[in-house]
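Structure first, commentary second.
The values are calculated or read from the model by the stated rules, or taken from the named source; none is laboratory data. Just so we're clear, the structure is a prediction, and the values are computed from it rather than from any experiment. Counting neighbours? That spans all protein chains shown, and the Cβs are built from the backbone with ideal geometry, glycine included. The protein model used for the area step is the full one, side chains on, heavy atoms only, and it has no ligands, DNA or RNA in it. Shrake-Rupley method; radii C 1.70, N 1.55, O 1.52, S 1.80 Å.
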Amino acid sequence: MAYSAPRGTVDILSDVSGKWQELEQLIRTICVNYNVKEMRTPIFEHTELFTRSIGDTTDVVTKEMYTFDDKKKRSITLRPEGTAGIARAYVEHKLYALPEKLQKYYYMGPMFRYERPGNGRQRQFHQFGVEMLGLESPYVDVECMVMAVTVVEALGLRNVKLHINSLGDEESRNTYREALKKHFAPALSELCFDCQQRFEKNPLRILDCKVDKDHPIMNNAPKTIDYLSESAKNHFDKVCALLDDLEIEYVIDTNLVRGLDYYSHTVFEIISDDPQMGQGSTVGGGGRYNTLISELGGPEVPGVGFAFGMERLMLALGNAQNEEDGLDVYLMPLGEQAKDLAVQIITMLRANGFTCDMDQCDRGLKGQFKSADRYHAHFSMIIGDEEVKKEVVNMKCNHSKEQTEVALENIVSFIEEHFEGGHHHE
Ligand code: AMP
């Protein structure tokens, strides 16, 4: 049989993996800049972690999880998102007891959701996310939002908008839940089966429904922002004031409720109108979660975070081939003796930090020059019988087309002198 990758998965072939590395590097640089440290948690966890934290009325948990029993009949799930794992590790390793009360983490890696593939949706996709744990402070909400905006701006995305909303605290959410139920009750029989379930368990989710989104009752649903308690309102006002002071543009979007259950207070999304992304696409989002850590058996520690879909971020990175991606040297041996010598030289050059490769196919000059060209080699190093005998190599600069005979012991200094202007890989 012919094998193909499972539906909804994508091979990242070597012609684009360089671009992925570029994105990862840019993200890591910004994280260092914000003093945010990487945490790597397992790709699978006990299923209960996700049902507990994400919420068992959400689409992610009810329909989209990759769940299976392992050989000991434990229910295991491939992670659909990154926050739960970080929160679990934070509790398990008692990181809340560290002297620094505010702990800031980031993660990057594959996530798994059983969704209908297509239109930017995959079953294995990648997220980059940040979690800031330890403080219920509007300053930290804003640090998180500014960081998220910084990432998309660093990618060169234009027309980026920060959409924010507040879901309020426990008290606000309870009053709001009652208001929602009162609003939806008369039309309940016209809503989809899922929404009828949500009505009892979590009416907030009805606002997120993809099936009923055009039902007229959605239009004038009560807004969370009108049900905020005094302290929740103060928190949100401070967030807005800080964003104003920093001159970060934002829109208060009262329809924004986010798909996961654990959010409270501030929620936000980054939406781009850049033509590359398509009008109004969500690049990522996040929000505050104040009960998640205690839900998972930890103390009452608040947190705030965000996640970006990395496939979306990749769309933003230009396709420009970077000149500096070329090889410093492509070694072109002609014959077995030359090849033996080339192996010696290439090992020595790589140890000296030069990027190089050599012909392994025993081709003639013409074929080897083609490879040098495809790899954008700065130098072609030609080694024939004559060169072996004389203990020299023939260095051809592929930019100036100049050829120079260089004694074996002078190769490194010759290349270094040439790169003095400083455009080879460190
Ligand atoms: P969420 O964790 O649902 O808030 O998603 C955060 C971001 O991850 C979204 O804005 C998307 O960019 C990305 N994302 C979520 N699900 C998928 C998927 N199935 N395929 C590709 N990207 C996704």
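The condition (being assigned to a helix (DSSP H, G or I), farther than 23 Å from G18 by Cα and modelled with pLDDT under 95) is satisfied by just one residue among E386, E417: E417. Checked against (1) assigned to a loop (DSSP other than H, G, I, E, B); (2) closer than 21 Å to R121 by Cβ, E311 meets all criteria but (1). Annotation for the stretch 150-169: at least one member residue is part of a strand (DSSP E or B), within 13 Å of the ligand (Cβ to nearest atom), within 21 Å of the chain's Cα centre (by Cα) and not basic (K, R). Restricting attention to the stretch 282-298, the residues that are more than 16 Å from the ligand (Cβ to nearest atom) and within 17 Å of the chain's Cα centre (by Cα) total 0. In the set (1) surrounded by fewer than 18 Cβ atoms within 10 Å (Cβ to Cβ); (2) within 15 Å of the ligand (Cβ to nearest atom); (3) of a type in the set (D, E), E269 fails one condition alone, (1). If we scan the stretch 56-64, do we find a residue that is hydroxyl-bearing (S, T, Y), away from the ligand (no atom under 16 Å from the Cβ) and in a loop (DSSP other than H, G, I, E, B)? No, the stretch 56-64 has no match at all. Going by the conditions given, is V257 open to solvent by less than 10 Å² (accessible area, probe 1.4 Å), within 11 Å of the ligand (Cβ to nearest atom) and in contact with a strand residue (DSSP E or B) (Cβ under 8 Å, 6 or more places away or on another chain)? Spelling it out, it is not the case that V257 is open to solvent by less than 10 Å² (accessible area, probe 1.4 Å), within 11 Å of the ligand (Cβ to nearest atom) and in contact with a strand residue (DSSP E or B) (Cβ under 8 Å, 6 or more places away or on another chain). Looking across the stretch 299-315, just one residue is open to solvent by 10 Å² or more (accessible area, probe 1.4 Å), modelled with pLDDT of 95 or more and within 14 Å of the ligand (Cβ to nearest atom), and that is A307.
The set of residues from the stretch 124-146 being under 29 Å from L78 (Cβ atoms) and either part of a strand (DSSP E or B) or in contact with a Ser or Thr (Cβ under 7 Å, 6 or more places away or on another chain) (or both) comprises Q124, F125, H126, Q127, F128, G129, V130, E131, M132, L133.
Counting the residues of the stretch 204-229 that are open to solvent by 60 Å² or more (accessible area, probe 1.4 Å), over 14 Å from N165 (Cα atoms) and not in a helix (DSSP H, G or I) gives 6.
Any chance the stretch 140-153 includes a residue that's of a type in the set (G, A, S) and surrounded by fewer than 24 Cβ atoms within 10 Å (Cβ to Cβ)? Scanning the stretch 140-153, I find no residue that is of a type in the set (G, A, S) and surrounded by fewer than 24 Cβ atoms within 10 Å (Cβ to Cβ), so the answer is no.
Pairing residues of the stretch 121-136 that are within 8 Å of the ligand (Cβ to nearest atom) with residues that are open to solvent by 40 Å² or more (accessible area, probe 1.4 Å) and among the polar types (S, T, N, Q), at Cβ distances under 8 Å and at least 6 apart in sequence or on separate chains, gives Q122/T9; R123/T9. Condition check for G109 on (1) more than 10 Å from the ligand (Cβ to nearest atom); (2) crowded, with 17+ Cβ neighbours inside 10 Å: one failure, at (2).
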